[in-house]
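The values are calculated or read from the model by the stated rules, or taken from the named source; none is laboratory data. Computed from a predicted structure; not experimentally measured. Every residue, glycine as well, gets a Cβ built from its backbone with ideal geometry; the counts of neighbours run over all protein chains shown. These area figures cover heavy atoms from the full protein model, side chains too; ligands, DNA and RNA do not enter into them. Shrake-Rupley method; radii C 1.70, N 1.55, O 1.52, S 1.80 Å.
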Amino acid sequence: MSLAGPRLDRPSAIGDEGRPRAASLWIASLIVVAIVGVVGLEIGESSLLPTLGLVVGLSVAGVGLLERDGFVSQVVAHGFLMTFGTAFALVVLAAPFVTRAGLAASGCALALAGIGAAWADVGGDELKPAAVGTVIGYVTMLCSAILVTVLIGIVLFGWSVLTTITGVSTPVASVMGFFLILAGTGGVVRLALRWLPVRQLTPRDRRPEIERRLAALRRRLLYTVVGSIGGLVGTALLVIVAPSGLIAGVPLLASALGALSSPVVVWPIVAVGGIALLAGIGAVLLRRMSKEVTARTTRRSAAIVVGVALSVPFLLGLFLFVAGIGAASGAFVIGAALVVGLLLGPLAVAFVLGSAVVGVALGVLPRRAMGPTIAALGLVVAAIGVGRGNPLVVFACIAGAIVVWDSATYGLGLTAELGHLPETRRLELFHGAVTVGLAVASVVVVTALELLRAGLFAGGGATGGVVLVVVGALLLLIPLRG
């Protein structure tokens, strides 16, 4: 999310809720952004900060928007989680297995996610609905893809049947095709009348009359279906019993029967059945979505809508992947990326969010300070990813993790005691200046010790190097005393 954008949390004026005070959080945010930019340059990825900033920001915004009550906000939230959240989770889980630079990128993503969660006041309570919504959207996407595939098969089969019927030339086949279409359309329209809220949309004083008309229409449709099936069977028996040239001997009758399968007759009947079926399905879906409207049902409905929408790119990617097998084309690569991303990405999102929820439940992650904890942990992971490349960057990551944790938790303490209304900027800035100054001094001293170790103890034993590393670690912990 944009740090200058609208707030996603609802802080209290006084109490222990809400994000840390703004000045402390800005200090922590600037440190995280600066370190992520430096790490990106160190590992050779100059676009690491803007790329991760966009992906992580919109992922955190998706979790934050789940607290809104509007249906559109819920759809946007689940859309962000199923797309940008997928990219974020894959970076966190898959990048460390690629290269050491991937581990650094994973740590940077965690750091940005933690600081973004602090801005949006995202804690353990908000992550559980996000994980559940992601699972619902994922299952809906797979079920929708299967259903759409089946429907496409049915449509193609029906199209082939209709083109065969409209293309027949014999009178007997024309009559049988007409009866078949009439029976199918009558059954579909009668079924749609059960789904359409015709009675509910009628004024109360006219409902008895409408009910009588609907009952009469249902009977006529039933007679039509039964009569069409009877006509179909009768025509088949007539073909078996009667001489083959009986109808052909009467040209006028043959022409009239042959016209029953013409497109002018067939397509209007099919259109009536198709419109009735679509209207009935739409009425059922609207009834399901509007029944018992609560925050929970709204969230689930939004997840289902997003899952249905994502089934389209999933099927497109599957088509490109299958069509491009054997040829390393661009379409094949795009299809494979879509299929793998949409198949594994939501599972990765659910795993990451679920792990955070379990961590909060077990006490591994603090409930109120979850964002600063994840941000500090991400900087430590980034330091491990940088490895032995540049000791200054490694020490800066460690010191930055300590300063981020200290500044953010200090801001949380002020929020718990005073809320968001009292002016505490000078106090926060003084605390932040002291902490950052001590951290910078510690990094300089530790870097000098590292250079000294590399020069004096490079060819000797490791005892002196261990001593210097211990001294350096103690110096990096000084900011906690701020």
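Miscellaneous remarks
- Sequence-distant contacts, meaning Cα pairs under 8 Å at least 6 residues apart, place the relative contact order of the stretch 132-240 at 34 percent.
- Expressed as a whole percent, the accessible surface of the stretch 64-109 that belongs to carbon and sulfur atoms is 73, based on a 1.4 Å probe.
- Residue-level accessible surface for S255, protein heavy atoms, 1.4 Å, Å²: 80
- Set of the stretch 147-189 residues, backbone N closer than 18 Å to the point 7 Å along the Cα-Cβ line of A259: 166-179
- Atom-type composition of the exposed protein surface of the stretch 314-401 places 80 percent of the accessible area on carbon and sulfur (1.4 angstrom probe).
- Among the protein heavy atoms, those of W195 account for about 80 Å² of accessible surface (1.4 Å probe, every chain in place).
- Of the listed residues Y223, Y410, Y138, the order by accessible area with a 1.4 Å probe, largest first, is Y223, Y410, Y138.
- Prolate/oblate/rounded label for the stretch 297-390 (Cα gyration tensor, a/c 1.5): oblate
- Accessible surface area normalised per residue over the stretch 41-143 is 38 Å², counting heavy atoms of protein chains with a 1.4 Å rolling probe.
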